[in-house]
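The values are calculated or read from the model by the stated rules, or taken from the named source; none is laboratory data. This is a predicted model, so every value here is computed, not measured. When we count neighbours, we look across all protein chains shown, and the Cβ atoms used for this are built from the backbone with ideal geometry, even at glycine. Areas reflect the complete protein model, heavy atoms only, side chains present, ligands, DNA and RNA absent. Shrake-Rupley method; radii C 1.70, N 1.55, O 1.52, S 1.80 Å.
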Amino acid sequence: MARPRKQHLHYGEAFGAWMHLMKAMGCGAKYQLLASHAHDSDLRAFLMSMVGEVIRPEVKAISDLLKDEGVQLPPAAPERPAVDGDLIPPGARFADNEIAMCVSHDIATAMMETMQIVAQATRPDIAMMFAKHHAQLVTWGGKLLRLTAEKGWLVEPPLHTNPGLSEP
């Protein structure tokens with residue numbers, strides 16, 4: 001019996017993986033930079049843990065996949081050195097709540113992107129890889145939500161009330 005031929009990436013899988021890799025590389029550099037701005041030690045630890053436990057393994061997995069498929073990788077962002085945040089002038093320094101909102105937005109966007117890649121995938125290994133990344137993002141999004149609530153940074157939208165309806 002003949003061995004099945006390897007299925008190549010289709011254009012949607014290749015483009016989705018390439019774009020997600022480029023964004024993940026950028027977020028890794030951004031979170032290293034934002035960790036220097038963070039006053040809160042828990043937020044700083046969250047950012048550096050996310051870089052080490054989520055972003056770097058994700059970048060490696062997607063880079064390996066694309067290299068194996070002969071796809072040229074996007075340019076890598078340089079590693080950012082740790083900087084003493086007290087040396088950053090107050091007007092140029094991000095506030096902790098701003099950092100948390102920025103990262104929360106990144107996580108939400110990446111969750112949508114990973115599910116789009118899963119939905120477009122025809123190769124099971126691609127679908128599983130990005131479903132795994134999605135699950136990690138859900139976990140880390142929950143950790144960030146808990147952190148922002150504990151620190152008082154969570155801004156809840158106003159409740160919508162209809163004045164025409166009577167309360168029970």
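A compact table of results
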| quantity | calculated |
| --- | --- |
| Helices (runs of 4 or more DSSP H) wholly inside segment 8-68 containing at least 3 residues that are among the charged types (D, E, K, R) and either under 17 Å from Arg80 (Cβ atoms) or touching a residue at least 12 places away in the same chain (Cβ under 8 Å) (or both) | 11-37 |
| Any hit, segment 69-77, residues being aliphatic (A, V, I, L, M), touching a residue at least 40 places away in the same chain (Cβ under 8 Å) and assigned to a helix (DSSP H, G or I) | no |
| Selection status of Ala119, more than 28 Å from Ser36 (Cα to Cα), of a type in the set (A, V, I, L, M) and open to solvent by 80 Å² or more (accessible area, probe 1.4 Å) | yes |
| Lys30 vs. criteria among the basic types (Lys, Arg) and either at pLDDT below 95 or more than 12 Å from the chain's Cα centre (by Cα) (or both) | no |
| Exclusive hit being basic (Lys, Arg), open to solvent by 50 Å² or more (accessible area, probe 1.4 Å) and within 27 Å of Ala14 (Cβ to Cβ), set Lys143, Lys132, Lys151 | Lys132 |
| From Leu144, Leu66, Leu165, residue being out of contact with any Cys (no Cβ under 6 Å at 6 or more places or on another chain) and within 30 Å of His37 (Cα to Cα) | Leu144 |
| Candidates Asp106, Asp40, filtered to the one that is open to solvent by less than 40 Å² (accessible area, probe 1.4 Å), under 20 Å from Gly142 (Cβ atoms) and over 15 Å from the mean Cα position of the chain (by Cα) | Asp40 |
| Lone qualifier among Glu13, Glu69 - being closer than 27 Å to Met128 by Cβ, surrounded by 20 or more Cβ atoms within 10 Å (Cβ to Cβ) and charged (D, E, K, R) | Glu13 |
